[in-house]
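The values are calculated or read from the model by the stated rules, or taken from the named source; none is laboratory data. Everything numeric in this text was worked out from a predicted model, so none of it was measured. Glycine also receives a Cβ, built like all others from the backbone with ideal geometry; neighbour counts cover every protein chain displayed.
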Amino acid sequence: MRLILMGPPGAGKGTQARFVAEHFGVPAISTGDIFRANVSQGTPLGVEAQRYMDSGEYVPDEVTNRMVRARIDEPDAAPGFLLDGYPRTLDQVEELDGMIAHTGHSLDAAVVLTVDAEELVQRLLQRAQTDGRADDTEDVIRRRQEVYTEQTEPLIGVYRERGLLVEVDGMGEVDEVTQRIFDALDDIPQ
Ligand code: B4P
């Protein structure tokens, strides 16, 4: 299975990615997590990424694409993968197309989680109290939502036109959402 998991900040991508990846026996590859690991280790990639993440902007495509390409080339991703938070721009869509074509396979589905705007903010403010993520302040959350609307929402139409879009209601309890994703994806031939 080669899957992408999309949705606005707070939609539950990272939360659901673990369950979905485990279900299909593929690695969950989260660009946000890889950036945060690099930030905490103080690598050059982390130093570059941090200034964008802290203000709610996207890390430049060139940097993100290079990082994902290297991760997808690792042996554990050969049988398939779940991408959490990538692609987020039209440029990243094109890059991913090239990466997948290079493997001789194709993308199986693009799952998008839909959640009410106010619920998104509440979830992230709640996470701010428990996890202390630098980008979970109200101003930065609003900016992340704007960037998502401007740059990532158009990707939904791209995958819909390709017949790959799977829209899942992301409201409700975590395990309810997980079950909805499984139900939607179990119909897809592997
Ligand atoms: P991400 O790490 O992807 O951050 P996110 O959009 O907030 O999603 P996340 O997965 O963390 O949260 P989730 O919705 O699961 O990206 C962070 C930054 O990295 C970006 O802003 C950007 O700067 C950079 N970046 C990443 N990818 C990039 C790319 N491709 N190109 C350029 N830049 C990139 O969960 C949020 C909260 O909701 C959690 O606390 C969770 O517990 C809670 N929650 C989840 N499901 C719930 C439910 N059903 N009910 C109640 N709460 C729920």
Within the range 66-83, is even one residue surrounded by 14 or more Cβ atoms within 10 Å (Cβ to Cβ), within 12 Å of the ligand (Cβ to nearest atom) and closer than 16 Å to Gln151 by Cα?
no
_Flag if Asp169 is within 8 Å of the ligand (Cβ to nearest atom) and touching a helix residue (DSSP H, G or I) at 6+ places or on another chain (Cβ under 9 Å)_ = no
Residue pairs within 8 Å by beta carbon, gap of at least six or interchain, first lying in the range 94-118 and farther than 20 Å from Gly157 by Cβ, second surrounded by fewer than 16 Cβ atoms within 10 Å (Cβ to Cβ) and among the small types (Gly, Ala, Ser), listed first then second, are Thr103/Ala78
Residue hits (the range 1-22; farther than 23 Å from Arg123 by Cα and modelled with pLDDT of 95 or more) are Arg2, Leu3, Glu22
Counted residues in the range 22-47 being of a type in the set (A, V, I, L, M, F, W, C), away from the ligand (no atom under 13 Å from the Cβ) and assigned to a helix (DSSP H, G or I) come to 2
Log entry, pairs with first residue in the range 121-141 being more than 16 Å from Thr15 (Cα to Cα), second being among the charged types (D, E, K, R) and surrounded by 15 or more Cβ atoms within 10 Å (Cβ to Cβ), beta carbons closer than 7 Å, six or more apart or on different chains, reads Asp135/Arg144
Picking from Leu124, Leu113, the residue that is buried (at least 18 other Cβ atoms within 10 Å of the Cβ), within 8 Å of the ligand (Cβ to nearest atom) and in a strand (DSSP E or B) would be Leu113
